[in-house]
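The structure under discussion appears below in the form of structure tokens.
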Amino acid sequence: MKTRSSFESKVLVAFTAAAFVVVAFAFATWKLARDAESAARWVIHTQEIIKDLNQAKVDALSVEISSQNYRVSGDPAHLTLRDATIRSREETLVRLGELVKEDPRQRESLVQLRRVIDERLVIARDVEAVRGRQGAEAAAAFAASSRLAETREQLYGVLGGMRDEEDRLLSERAAEQLQARQALLVVGTLFAAMLFVLLAATFILIHRQLRETRQAQRDLAHSGEDLFI
């Protein structure tokens, strides 16, 4: 009776430990999976910012080229294209504002970007007005005397700085994503090994008890035979 009670206690301990391992594994898997998902979202978030920064740079170049073409040719079709690009760029800047709202450094850079863009738009409108009133030569002279070249450098500098920051963040977040995946794999392997050991130990314990029980039954049977001799 005492042996049986000891055996039952061992089995109970083994199954309790296995249940604990399963619960701990489920929790760890949930936590690590959530961390991996969060890291993946941040990677996608950073990639979206980089895409919009590239688009803003392309739009800035397109706006300047359209303005130059109008200054030379006087064809209003270039202004139509320029204004359409300006509207597209505004949509991009609004998206950027939403994407970087939790990043103080990038928010400040976006303020600087907006300031430079607004200044360049004022110059572009002034060049357009001079071109309409005084012709191409006067417009070219006005553009040359303005801060057009300086603001171009400022614009590309701010965009480049924001891009460098997002590249840095992308590298960090990609590393975090990889680390989360690796941790999930390691933890899964560790808990699987622990569960296997517990199950193997339980099997050995039960097998040993069954062998002892069968031996006890055989001994009892032999004792019964001896009584009849």
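The values are calculated or read from the model by the stated rules, or taken from the named source; none is laboratory data. Just so you know, these numbers come straight off a predicted model, no measurement behind them. Counting neighbours? That spans all protein chains shown, and the Cβs are built from the backbone with ideal geometry, glycine included. Accessible surface is based on the protein model in full, side chains and every heavy atom, while ligands, DNA and RNA are left aside. Shrake-Rupley method; radii C 1.70, N 1.55, O 1.52, S 1.80 Å.
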* Could you tell me which numbered condition Lys57 fails, if it satisfies all but one of (1) open to solvent by 60 Å² or more (accessible area, probe 1.4 Å); (2) in contact (Cβ under 8 Å) with a residue 24 or more places away in the chain; (3) touching a Ser or Thr at 6+ places or on another chain (Cβ under 8 Å); (4) closer than 30 Å to Gly132 by Cα? => (3)
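Condition check: of a type outside the set (Gly, Ala, Ser), within 27 Å of Leu184 (Cβ to Cβ) and either in contact with a Pro (Cβ under 7 Å, 6 or more places away or on another chain) or assigned to a helix (DSSP H, G or I) (or both). Does Ile65 satisfy that? Give the steps one after another, and end with the answer.
Values: of a type outside the set (Gly, Ala, Ser): yes; within 27 Å of Leu184 (Cβ to Cβ): no; either in contact with a Pro (Cβ under 7 Å, 6 or more places away or on another chain) or assigned to a helix (DSSP H, G or I) (or both): yes.
Taking the combined requirement at face value, the residue does not satisfy it.
Name the one entry in Leu110, Leu178, Leu170 that is in contact (Cβ under 8 Å) with a residue 60 or more places away in the chain and of a type outside the set (Ser, Thr, Tyr). Full working, then the answer.
Working: Leu110 fails: in contact (Cβ under 8 Å) with a residue 60 or more places away in the chain; Leu178 fails: in contact (Cβ under 8 Å) with a residue 60 or more places away in the chain.
When all the criteria are applied, what remains is Leu170.
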* To do: Of all residues in region 97-120, count the ones that are acidic (Asp, Glu), more than 17 Å from Leu170 (Cα to Cα) and surrounded by 15 or more Cβ atoms within 10 Å (Cβ to Cβ).
  => 1
* Asked: Which ones in region 60-78 are open to solvent by less than 50 Å² (accessible area, probe 1.4 Å) and of a type in the set (Ser, Thr, Tyr)?
  -> Ser62, Ser66, Ser67, Tyr70
* Structure fact -> With criteria (1) within 35 Å of the chain's Cα centre (by Cα); (2) within 30 Å of Gln134 (Cα to Cα); (3) without any contact (Cβ under 8 Å) to a residue 12 or more places away in the chain, Ser62 comes up short on (3)
* Within region 121-147, tally of residues that are closer than 18 Å to Asp83 by Cα and open to solvent by 30 Å² or more (accessible area, probe 1.4 Å) -> 8
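Is region 16-23 home to any residue that is crowded, with 17+ Cβ neighbours inside 10 Å, of a type in the set (A, V, I, L, M) and touching a Phe, Trp or Tyr at 6+ places or on another chain (Cβ under 8 Å)?
Going through region 16-23, the residues crowded, with 17+ Cβ neighbours inside 10 Å turn out to be 18, 21.
With of a type in the set (A, V, I, L, M) added as a condition, the list becomes 18, 21.
Those still in the list that are touching a Phe, Trp or Tyr at 6+ places or on another chain (Cβ under 8 Å) too: 21.
Yes - at least one qualifying residue is present in region 16-23.
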* **Test for Arg34: is it under 19 Å from the mean Cα position of the chain (by Cα), part of a helix (DSSP H, G or I), touching a residue at least 60 places away in the same chain (Cβ under 8 Å) and surrounded by fewer than 16 Cβ atoms within 10 Å (Cβ to Cβ)** => no
